[in-house]
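> Can you read through this structure? Questions will come right after.
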Amino acid sequence: MISNNKKNVEEYYMSKEEADKYVSNRFKFPIYIIEHENQVKFVKKAITETNSKLVLEIACSPGRVTKDIDNVSNGLAIDSE
């Protein structure tokens, strides 16, 4: 029973339609916009403070944060799809 529920959740989130909905809904409310901006600011600061030249992001999904990271010279983002 538990594995069946897990499978249903995984299938739900692997849907392109759900991913597209997530991205569009993510920026409808000011609180989510602020949260996104803070996440991007945090990652950019971490890259700058560590003087990182290479960045690897695992499980980036639709790349919501990744697309706004512009202070890295070489980066790779990977996901299961």
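> Taking into account only those residues within the stretch 25-81 that are in contact with a His (Cβ under 9 Å, 6 or more places away or on another chain) and not in a helix (DSSP H, G or I), which is surrounded by the fewest Cβ atoms within 10 Å (Cβ to Cβ)?
Within the stretch 25-81, the match that is surrounded by the fewest Cβ atoms within 10 Å (Cβ to Cβ) is 27.
> Any residue in the stretch 29-57 that's within 20 Å of residue 79 (Cβ to Cβ): show its pairings with residues that are surrounded by 11 or more Cβ atoms within 10 Å (Cβ to Cβ) and among the acidic types (Asp, Glu) at Cβ separation under 7 Å, as long as the two are six or more apart or on different chains.
From residues that are within 20 Å of residue 79 (Cβ to Cβ), the pairs are 40/68.
Only the coordinates and a few stated rules stand behind these numbers; no lab work does. Values in this document were obtained by computation on a predicted structure and should not be read as measured data. When we count neighbours, we look across all protein chains shown, and the Cβ atoms used for this are built from the backbone with ideal geometry, even at glycine.
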